[in-house]
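Encoded as structure tokens, here's the structure I'll be asking about.
The values are calculated or read from the model by the stated rules, or taken from the named source; none is laboratory data. Treat the numbers as computed from the prediction; the structure is a model and nothing was measured. We place every Cβ from the backbone using ideal geometry, glycine too, and count neighbours over all the protein chains shown.
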């Protein structure tokens, strides 16, 4: 009995480890009381896809708490409206305390980025170390070596373009190694290492770049682990393999077009890429193949459907799990609004307190729109929606997502319009939803098919675009849908309906 109990404890411990550790972020954002605040992290650094870890509403005093469940050091960003600030979270730290600067305190030149103020950090906390390194790097790049504070000739161009640039970077690297000699923090040491590597590959002037390429590859890439979760490693790698399809030379470039456009062959394409010395590693070459697809997808040189087929092949055939994740994320990013591909998912709580998703409505079309209760076009077009729902509601679900900052505005709007009886929900500050649907203005409309596929990411409106315009509206599309679905109704010979 005791043995069974011990085994159960061991298995329970493994399960806890698999699920990571809960870390609480205690925040202050007095300038954003009543707004939604999110904590997100990147799913991968290539597609820049990101996932939501937690969210809440900032209370009237400007306080909030967020919980992130993580099993390794992760770059997260705290997001309020269109502003965000980076926080590195170590699962071994149970609590972080941050201050999110108000609108008046934000740096105009940093645009949507804000510098979080962090309190009660240990000197060896990952954030403390990174902030310290960034200060040293900025001084080196823009002022000069740390012991030279008045060198007016020093600038980034001198490091990159001058023959002594590589030597100067080497001195900075040595100074950093000495400064952080007692730091036992692999994530941070790699963060510094690959930050410096990014400058080394371009140092010493234009005539030195080709020589640097092989030297940098041997020093930082060849026979090394791929650090998918370290931002500086990944950004260094992406710069090193800039426009990888162009690295193959003229002859192979022609072969590349044939392998993609005529054969859509993942295997042959991978073999061709691996013919380049700097791409012989199978995991690196596959990762860079995915990067090449990202860069060339909209170039017009290659058939898009073939590039997507190759991403599907990576997802099915790759022995490298992280590359599969990258390929899958990239496919979603590239195709999320294209006709025939799966539309972005959503999870909304309606004003009737129902939870609805893209897949909630079996075998029915979805007419989705984003609106604002103070948008005149939005309001005028809503007047036409009850009639559309009456005529086509058997085949089409209507969903309207409100983008007002105040969620209560939606309830007030519906009280004033009791005939609006379709699905209404507030977006709850979810910027991922807006990004997935590329919402840039309101109103905007989307038509999603009965199997969740995107039919039209720029669907016609209930009303013509302007007075006097050709009177083609979504009614014509809905009529065609109703006719098609009525024709497809199962006919049972010899049986009355």
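Can you tell me which residue among 335, 342, 350, 355 is without any contact (Cβ under 8 Å) to a residue 12 or more places away in the chain and within 20 Å of residue 434 (Cα to Cα)?
355
Determine which single condition residue 376 fails, assuming it passes every other condition in (1) within 18 Å of residue 456 (Cβ to Cβ); (2) surrounded by fewer than 18 Cβ atoms within 10 Å (Cβ to Cβ).
For residue 376, the failing item is (1).
Scan the stretch 456-469 and report the pairs whose first residue is assigned by TED's automatic domain parsing to the domain that holds residue 391 and outside any loop (DSSP other than H, G, I, E, B) and whose second residue is buried (at least 17 other Cβ atoms within 10 Å of the Cβ) and at pLDDT 85 or above, with Cβ atoms within less than 9 Å and a gap of 6+ or a chain change.
Partner pairs satisfying both residue conditions: 456/445; 456/446; 456/447; 456/448; 456/477.
Is the stretch 396-415 home to any residue that is buried (at least 20 other Cβ atoms within 10 Å of the Cβ) and in contact (Cβ under 8 Å) with a residue 60 or more places away in the chain?
yes
Sticking with this structure for a sec: Could we say that residue 237 is out of contact with any helix residue (DSSP H, G or I) (no Cβ under 6 Å at 6 or more places or on another chain) and buried (at least 20 other Cβ atoms within 10 Å of the Cβ) here?
It is true that residue 237 is out of contact with any helix residue (DSSP H, G or I) (no Cβ under 6 Å at 6 or more places or on another chain) and buried (at least 20 other Cβ atoms within 10 Å of the Cβ).
Kindly list the number of the only condition in (1) surrounded by fewer than 15 Cβ atoms within 10 Å (Cβ to Cβ); (2) modelled with pLDDT under 95 that fails for residue 428.
Tallying (1) surrounded by fewer than 15 Cβ atoms within 10 Å (Cβ to Cβ); (2) modelled with pLDDT under 95, residue 428 fails exactly one: (1).
State the number of residues belonging to the stretch 291-311 that are surrounded by 20 or more Cβ atoms within 10 Å (Cβ to Cβ) and either over 25 Å from residue 237 (Cβ atoms) or in contact with a strand residue (DSSP E or B) (Cβ under 8 Å, 6 or more places away or on another chain) (or both).
Qualifying residue count, the stretch 291-311: 0.
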